[in-house]
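Trainee: Quick one: this structure, given as structure tokens, is what I'll be asking you about.
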Amino acid sequence: MVYQAQIHKKKEVFDYSAYRNSFKNEMSASIYNKEEVKKSKMFQALWGDHYREVYGKDITFPVATLDTLMGGFTIERQGGGQETRSLRLINKKTGKRNSLRAMRKSVTQFLQKGAFKYTYLEDSFDDTFTEDLLSDFYTSGYPYASKSLFYTQTSCSRDL
């Protein structure tokens, strides 16, 4: 043999033993913490009211695991666009594709893909006025609108 090189590393077996395999039935969380949605009267006069209160409100929701939810899901790949982080999922039972999206949008990802395409930002905008202002801009849209649309579609189709 004249030359030998490893092209692909052998897949490492991931050790899951440090992770829990049982969870609470419910959790509470908010999209933004209370400090992030607290804005001065001047700021609100300049930028508007938005849905800050909704983004800062703790909601309680049931906990589910991907391997048991709706017959189980497998992760196809990482998704996401200009500002969202998501996973592309495949339902093991039906084969249908679904997306699981984070409710909190990424300011750095938005800036990276839009304004600074050819410059790697890393954490350059963390804890800056720009990040605060763009994060606040996201509160102008109602965060649960797609969920209510889904509910309306499914409840209407059952009534037919």
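The numbers here are math on the coordinates, done by the rules we state, and not lab data. Because the structure is predicted, anything quoted here is derived from the model rather than measured. No Cβ is skipped: glycine too gets one built from the backbone with ideal geometry, and neighbour counts run over all protein chains shown.
Trainee: For T65, put the label point 7 Å out on the Cα→Cβ axis and report which residues of region 1-37 keep their amide N under 18 Å from it.
Mentor: 14-27
Trainee: A further question on this structure: Suppose each label sits 7 Å from its Cα in the direction of the beta carbon; what would the N25-S40 distance come out to in nanometres?
Mentor: Label at N25, label at S40, 4.7 nm between them.
Trainee: How much length is gained if the chain between Q6 and S99 is pulled fully straight, taking 0.36 nm per residue apart and subtracting their Cα-Cα distance, in nm to one decimal?
Mentor: Stretched out fully, the Q6 to S99 stretch lengthens by 30.0 nm.
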